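**Student:** This is the structure I want to talk about, given as structure tokens.
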Amino acid sequence: EGVQPQEYTVVKMEVLPPFPTKLRPLDGKKVFLGAATLRPETMYGQTNAWVLPDGEYGAFEINETDVFILTERAALNLAYQNFSRFPQKPSCLIELSGYDLIGLRLKSPLSFNEFIYALPMLTILTDKGTGIVTSVPSDAPDDYMALHDLKQKPAFRAKYGVKDEWIMPFDLIPIINIPEFGDMAAEKVCLDLKIKSQNEKEKLAEAKRLTYLRGFTDGTMLVGEFAGRKVQEAKPLVKAKLIETGEAILYSE
Ligand code: A2H
């Protein structure tokens, strides 16, 4: 962790019923995957959520009605930031693994896709954010490569029980234009750098650096309430909107 605290927007990705057996104890509650993002203005382009298959998660009571699925570490931090049913004490209803989450059908704020699915990503860190990541493959190189791996490799899908209909209908959505990189910057940069898979850490770091620098300074929103505005103007506006409507919370670590 860095010296500066990092402020994330935690987007509430609602788990749609019917719940699988493992989540049955949560029937009747509002259950969300809590996805930590630094790019709230990209939420229009969500195609799926990412979970770490071997990751340890829990379903935590955030208040009287809402339950967030995330890591215990994040639940503890949230409890100290006033997001727990009981002051400064996480309240875990059930323990879950990433495997239990793969295939959950979700409704996520601002997403043009009416619903999306939770899928496996192997590079998720459990000591950062919430351990749940929302996927915007048009603009995030990690998301682009992880989705590419699943789409291209039937054996990878089979290994994690991922059904074709959870991924194949979900194409990249153009949401931001970057003069140098076009309307789907992550795809362009991953192709230019000839990145082969989600495991090519160094190349992906370079891809992220390139898209982040240009995206923030030169990017323009193509869609949504702030279409036509610069990314750096839209970001705080979208963030504020998500918080105001109760579709996201702020989380620092
Ligand atoms: B970002 P930083 Cl469009 N493990 O959100 C791995 N990655 C994680 C994570 C974890 N535990 N928690 C969050 N992240 C991802 C959107 C996005 C993101 C776009 C473009 C770039 C980008 C959609 N995915 O991040 O190390 C989340 O993905 C580029 C780094 O704290 C989060 O924002 O800077 C970002 O990494 C936080 O990473």
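The values are calculated or read from the model by the stated rules, or taken from the named source; none is laboratory data. Worth saying up front: this structure is predicted, and the values here are computed from it rather than measured. Methodologically, a virtual Cβ is constructed for each residue, glycine included, from the backbone with ideal geometry; neighbour enumeration extends over all protein chains shown. Ligands, DNA and RNA are excluded from the accessible area calculation, which covers all protein heavy atoms including side chains. Shrake-Rupley method; radii C 1.70, N 1.55, O 1.52, S 1.80 Å.
**Student:** Looking at the stretch 204-242 only, could you name the residues that are within 21 Å of the chain's Cα centre (by Cα) and open to solvent by 60 Å² or more (accessible area, probe 1.4 Å)?
**Tutor:** Glu206, Lys208, Arg209, Tyr212, Leu213, Phe216, Leu222, Glu225, Gln232, Pro236, Leu237, Lys241
**Student:** Which of the numbered conditions does Lys194 fail, given that it passes all the others? Conditions: (1) out of contact with any Asp or Glu (no Cβ under 6 Å at 6 or more places or on another chain); (2) at negative phi.
**Tutor:** (2)
**Student:** Which of the following residues is within 12 Å of the ligand (Cβ to nearest atom) and in contact with a Ser or Thr (Cβ under 6 Å, 6 or more places away or on another chain): Val189, Val231?
**Tutor:** Going through Val189, Val231 in turn, just one is within 12 Å of the ligand (Cβ to nearest atom) and in contact with a Ser or Thr (Cβ under 6 Å, 6 or more places away or on another chain): Val189.
**Student:** Continuing with the same structure: Checking Tyr160 against (1) under 20 Å from Leu33 (Cα atoms); (2) of a type in the set (Ser, Thr, Tyr); (3) within 15 Å of the ligand (Cβ to nearest atom), which test does it fail?
**Tutor:** (3)
**Student:** With assigned to a loop (DSSP other than H, G, I, E, B), more than 10 Å from the ligand (Cβ to nearest atom) and open to solvent by less than 10 Å² (accessible area, probe 1.4 Å) as the only criterion, which of Pro53, Pro18 stands out?
**Tutor:** So the residue among Pro53, Pro18 that is assigned to a loop (DSSP other than H, G, I, E, B), more than 10 Å from the ligand (Cβ to nearest atom) and open to solvent by less than 10 Å² (accessible area, probe 1.4 Å) is Pro53.
**Student:** Suppose we keep only residues that are more than 30 Å from Gly224 (Cβ to Cβ) and assigned to a strand (DSSP E or B) within the stretch 61-87. Which one would you say is least open to solvent (accessible area, probe 1.4 Å)?
**Tutor:** Looking at residues that are more than 30 Å from Gly224 (Cβ to Cβ) and assigned to a strand (DSSP E or B), I get Glu61.
**Student:** Still on this structure, please answer the following. For residues in the stretch 103-127 being in contact (Cβ under 8 Å) with a residue 24 or more places away in the chain and within 21 Å of Lys201 (Cβ to Cβ), which is surrounded by the fewest Cβ atoms within 10 Å (Cβ to Cβ)?
**Tutor:** Checking each candidate, the answer is Asp127.
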